[in-house]
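Undergrad: Encoded as structure tokens, here's the structure I'll be asking about.
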């Protein structure tokens, strides 16, 4: 049997143990839902928008520690930004803000950024 050890940065562990902005937002203006069927992670990113800025943001994530940490980080990165600024947050930005992720866990940062982008897209569709 081969044992794989995954080493996370201190920032990843901090956001996993003490996630920011966690929880369902009942009055969200839009929700981005993303998942990865391979690993089973499922993520919801909730946004509240005022004057084209993300006034409030939260998440619910069902998955590994890296998925929770990236969800927490992306909410911190996006809060207070305009929708266009938030759309510029990339998968790499999320991973870099956490001082990196092991290659086997990079898909988690993809989910967080993708969930944010989906929430913004849904918000904009509702505004048309």
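Undergrad: I'd like to verify a number: residues in segment 89-128 that are part of a loop (DSSP other than H, G, I, E, B), without any contact (Cβ under 8 Å) to a residue 12 or more places away in the chain and under 18 Å from residue 55 (Cβ atoms), how many? Spell out how you get there, then give the answer.
TA: Initially, segment 89-128 is screened for residues part of a loop (DSSP other than H, G, I, E, B), giving 89-90, 98-102, 128.
When the remaining residues are screened for being without any contact (Cβ under 8 Å) to a residue 12 or more places away in the chain, the result is 128.
Now narrow it down to the ones that are under 18 Å from residue 55 (Cβ atoms): none.
Adding up the residues that qualify gives 0.
Undergrad: Another one. Any idea which of (1) farther than 25 Å from residue 4 by Cα; (2) crowded, with 23+ Cβ neighbours inside 10 Å; (3) touching a strand residue (DSSP E or B) at 6+ places or on another chain (Cβ under 8 Å); (4) touching a residue at least 40 places away in the same chain (Cβ under 8 Å) is the one residue 86 doesn't satisfy?
TA: (4)
Undergrad: Anything in segment 98-113 that is at pLDDT 95 or above and surrounded by fewer than 19 Cβ atoms within 10 Å (Cβ to Cβ)? List them, or say none.
TA: Across segment 98-113, the qualifying residue is only 99.
Undergrad: Out of all the residues in segment 72-80, is one or more part of a helix (DSSP H, G or I) and modelled with pLDDT under 95? Talk me through it step by step, then tell me what you get.
TA: Of the residues in segment 72-80, the ones part of a helix (DSSP H, G or I) are 72-78.
Then drop every residue that is not modelled with pLDDT under 95, which leaves none.
Among the residues of segment 72-80, not one is part of a helix (DSSP H, G or I) and modelled with pLDDT under 95, which makes the answer no.
Undergrad: Scan segment 23-41 and report the pairs whose first residue is over 19 Å from residue 76 (Cα atoms) and whose second residue is part of a loop (DSSP other than H, G, I, E, B), with Cβ atoms within less than 9 Å and a gap of 6+ or a chain change.
TA: These pairs meet every condition: 35/63; 36/63; 39/63; 39/64; 40/63; 40/64; 41/63; 41/64.
Undergrad: Can you spot a residue in segment 46-68 that is surrounded by fewer than 17 Cβ atoms within 10 Å (Cβ to Cβ), touching a helix residue (DSSP H, G or I) at 6+ places or on another chain (Cβ under 7 Å) and either assigned to a strand (DSSP E or B) or modelled with pLDDT of 95 or more (or both)?
TA: Checked segment 46-68: at least one residue is surrounded by fewer than 17 Cβ atoms within 10 Å (Cβ to Cβ), touching a helix residue (DSSP H, G or I) at 6+ places or on another chain (Cβ under 7 Å) and either assigned to a strand (DSSP E or B) or modelled with pLDDT of 95 or more (or both).
Undergrad: Given (1) in a helix (DSSP H, G or I); (2) farther than 15 Å from residue 106 by Cα, identify the lone condition not met by residue 20.
TA: (1)
Undergrad: OK, next. If I ask for residues that are more than 29 Å from residue 124 (Cβ to Cβ), out of contact with any helix residue (DSSP H, G or I) (no Cβ under 9 Å at 6 or more places or on another chain) and either surrounded by 14 or more Cβ atoms within 10 Å (Cβ to Cβ) or modelled with pLDDT of 95 or more (or both), which ones from segment 10-45 would you list?
TA: The answer is 10, and nothing else.
Undergrad: Let me ask something additional. Inspect all residues belonging to segment 6-15 and state whether any of them is in contact (Cβ under 8 Å) with a residue 40 or more places away in the chain, outside any strand (DSSP E or B) and under 12 Å from the mean Cα position of the chain (by Cα).
TA: Scanning segment 6-15, I find at least one residue that is in contact (Cβ under 8 Å) with a residue 40 or more places away in the chain, outside any strand (DSSP E or B) and under 12 Å from the mean Cα position of the chain (by Cα), so the answer is yes.
The values are calculated or read from the model by the stated rules, or taken from the named source; none is laboratory data. Please read these numbers as outputs of a predicted model, since none were measured by experiment. Because the Cβ atoms are built from the backbone with ideal geometry, glycine has one as well, and the counts that use them run over all protein chains shown.
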